[in-house]
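Since the structure comes first, as structure tokens, the remarks are kept for the end.
The values are calculated or read from the model by the stated rules, or taken from the named source; none is laboratory data. This is a predicted model, so every value here is computed, not measured. All Cβ positions, glycine included, derive from the backbone under ideal geometry; neighbour counts span all protein chains shown. Quick note on the areas: whole protein, heavy atoms, side chains included, nothing else; ligands and nucleic acids left out. Shrake-Rupley method; radii C 1.70, N 1.55, O 1.52, S 1.80 Å.
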Amino acid sequence: SGVEQLGNMIAEASSIVPFTGAGISTECGIPDFRSPGGIWTRNRPIPFDEFVASQDARDESWRRRFAMEPTFAAARPGRGHRALASLYRAGKVPGIVTQNIDNLHQISGFEADDVIELHGNTTYARCIGCAKRYDLSWVKQHFDASGGAPDCADCGDPIKTATISFGQAMPEGAMQRATELAQHCDLFLAIGSSLVVWPAAGFPMMAKNCGARLVIINNEPTDQDDIADLVIRHDIGETLGPFVGN
Ligand code: OAD
Ligand code: ZN
């Protein structure tokens with residue numbers, strides 16, 4: 001099944017960098033993007049320039065986000081999150097690189113500074129002009145009061161979940177730290193990602209090119225399976241469950 005091989009690779013490694021996608025959170029009740037029933041099979045993404053230009057797009061974006069709130073609020077870390085947190089507590093993981101926006105790695109026990117969020121975080125919001133931080137409850141209250149997405153109380157620019165939309169600049173600090181982690185680890189674990197969204201999808205190859213062993217855990221094939229040292233085409237919770245420790 002590959003679990004034994006994975007166990008050996010983890011035992012031999014001294015610096016393991018996990019790289020996660022939406023597939024690690026599906027067992028927590030959060031849909032991924034591209035599987036049947038995934039977010040992008042139901043809704044078209046709203047590109048950043050459209051969000052900036054159109055009040056209708058902002059209203060629609062916030063309506064979608066509020067509709068998802070019960071799902072995000074109820075989600076608890078799954079076996080994958082807990083296994084990675086165990087390796088982190090054991091001192092084998094210097095940091096985790098994630099495309100996920102659900103905050104579950106932090107909730108599972110990672111220090112916020114050690115979670116490198118390439119696509120931001122949906123559990124809070126920011127003004128896209130001055131970066132002032134807003135709680136979602138504040139946005140909801142003002143949305144309900146005025147019947148639409150509110151603007152920044154300080155500068156008047158739009159307020160958006162603290163996530164990265166298509167067409168929006170990648171967070172520079174996160175890209176830099178992810179690069180350093182990928183370049184200096186000896187085992188890179190790509191978990192639950194279709195590996196189709198760039199530049200994020202470049203990190204497994206970067207790690208491999210810098211000498212790390214590469215493991216891909218995903219229940220569907222990816223374009224990068226052929227460069228991996230080990231491919232585990234299987235459920236993440238079942239695969240990582242044996243690595244959940246204390
Ligand atoms: P995707 O939905 O593209 O891929 C998730 C992968 O996880 C799929 O290949 C699934 O088959 C697999 N999967 C789901 N549940 C699984 C399970 N229990 N066990 C094993 N595999 C499972 O999600 P991402 O690769 O994370 O970005 O998507 C990348 C980016 O595209 C996201 O960060 C988001 C999205 O657009 C932005 O919006 C900028
Ligand atoms: Zn502002």
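Among DSSP beta bridges whose residues both lie in the chain, state the antiparallel percentage, nearest 5. Don't skip to the answer; put the middle values down first.
Values: 8 of 26 bridges.
Given both bridge residues lie in the chain, the antiparallel proportion sits at roughly 30 percent.
Size of segment 96-193 along its principal axes in angstrom, Cα-based, largest extent first?
Largest first, segment 96-193 extends 52, 25, 22 Å along its Cα principal axes.
Which whole number in µm²/s is D for segment 1-136 by Stokes-Einstein, with the Kirkwood Rh taken over Cα pairs at 10 °C and 1.306 mPa s?
Details: Rh = 16.7 Å.
Using the Kirkwood radius from Cα pairs, D works out to 95 µm²/s.
Compute the Cα gyration tensor for segment 184-234, then decide on rounded, prolate or oblate, letting a ≥ b ≥ c be the square roots of its eigenvalues: rounded whenever a/c is under 1.5, prolate when a/b is larger than b/c in the other cases, and oblate in all that remain.
Numbers: a/c = 1.97, a/b = 1.26, b/c = 1.56.
Oblate is the answer for segment 184-234, as a/c is 1.5 or above yet b/c matches or exceeds a/b.
Separation of segment 139-176 and segment 3-52 by C-alpha centroid, Å?
23 Å
Count the lysine pairs in the chain whose Cα atoms lie under 28 Å apart, taking only pairs 8 or more positions apart in sequence or on different chains. List each step's numbers first, then the result.
Values: K92/K208; K132/K140; K132/K160; K140/K160.
Total qualifying Lys-Lys pairs in the chain comes to 4.
Using Cα-only point scatterers and the Debye equation, what is log10 of I(q)/I(0) for the chain at each q in 0.09, 0.16 Å⁻¹, rounded to two decimals?
For the chain at q = 0.09, 0.16 Å⁻¹, log10 I(q)/I(0) is -0.39, -1.15.
Return one number: the angle in degrees, 0 to 90 and rounded to the nearest 10, between the long axis of the Cα atoms of helix 136-146 and the longest principal axis of the Cα atoms of the chain.
Around 30 degrees separate the two axes.
Between A67 and K140, with labels modelled 7 Å along Cα→Cβ, what's the label distance in nm to one decimal, could you check?
The modelled label-to-label distance comes out at 1.6 nm.
Treating the beta-carbon of each Lys and Arg as +1 and of each Asp and Glu as -1, no other charges, what is the dipole magnitude of segment 38-80 about its Cα centre, to the nearest 20 debye?
Numbers: 8 positive and 6 negative charges, 78 e Å.
Computed charge dipole of segment 38-80: roughly 380 debye.
I39 versus K132, label points 7 Å from Cα toward the beta carbon: distance in nm?
Each label point is offset 7 Å from its Cα along the Cβ direction, giving 2.6 nm.
Run lengths n ≥ 4 of DSSP H only: what is the helix-derived mean residue ellipticity at 222 nm for the chain, with -39500 (n - 2.57) per run over all residues, to the nearest 500? Numbers along the way, then the final one.
Numbers: 10 runs with 91 residues, N = 246.
It comes out at -10500 deg cm²/dmol, rounded to the nearest 500.
Highest mean first, how do 228-235, 177-184 rank when packing is the count of other Cβ atoms within 10 Å averaged over residues?
Details: 228-235: 17.1, 177-184: 19.1.
Descending mean neighbour count gives 177-184, 228-235.
For R213, list long-range residues whose amide hydrogen, built 1.01 Å from N in the peptide plane, is under 5 Å from its own amide hydrogen.
Correct list: L187, F188.
In whole Hz, what ³J(HN,Hα) sequence does segment 100-113 give by Karplus (6.51, -1.76, 1.60; θ = phi - 60°), x for Gly and Pro?
7, 10, 9, 6, 6, 5, 4, 4, 6, x, 6, 4, 3, 5
In a shell of Cβ-Cβ distance under 13 Å around I227, excluding I227 itself, what net charge do Lys and Arg (+1) and Asp and Glu (-1) give? It would help to have the intermediate numbers written out before the result.
Details: positive: K208, R213; negative: D223, D225, D226, D229.
Local net charge: -2.
Rg and Dmax of segment 125-181 over Cα atoms: what are they, in angstrom?
Using the Cα atoms of segment 125-181, the pair Rg, Dmax is 13.8, 45 Å.
Using a probe of 1.4 angstrom, how much of the accessible area of the chain is carbon and sulfur, in percent?
Values: 5450 of 11300 Å².
Using a 1.4 Å probe with all protein chains present, the chain comes out at 48 percent carbon and sulfur.
So, in nm, how far is label D59 from label Q5 when the simple model puts each one 7 Å beyond its Cα toward the Cβ?
Taking the two extended label points, one gets 5.4 nm.
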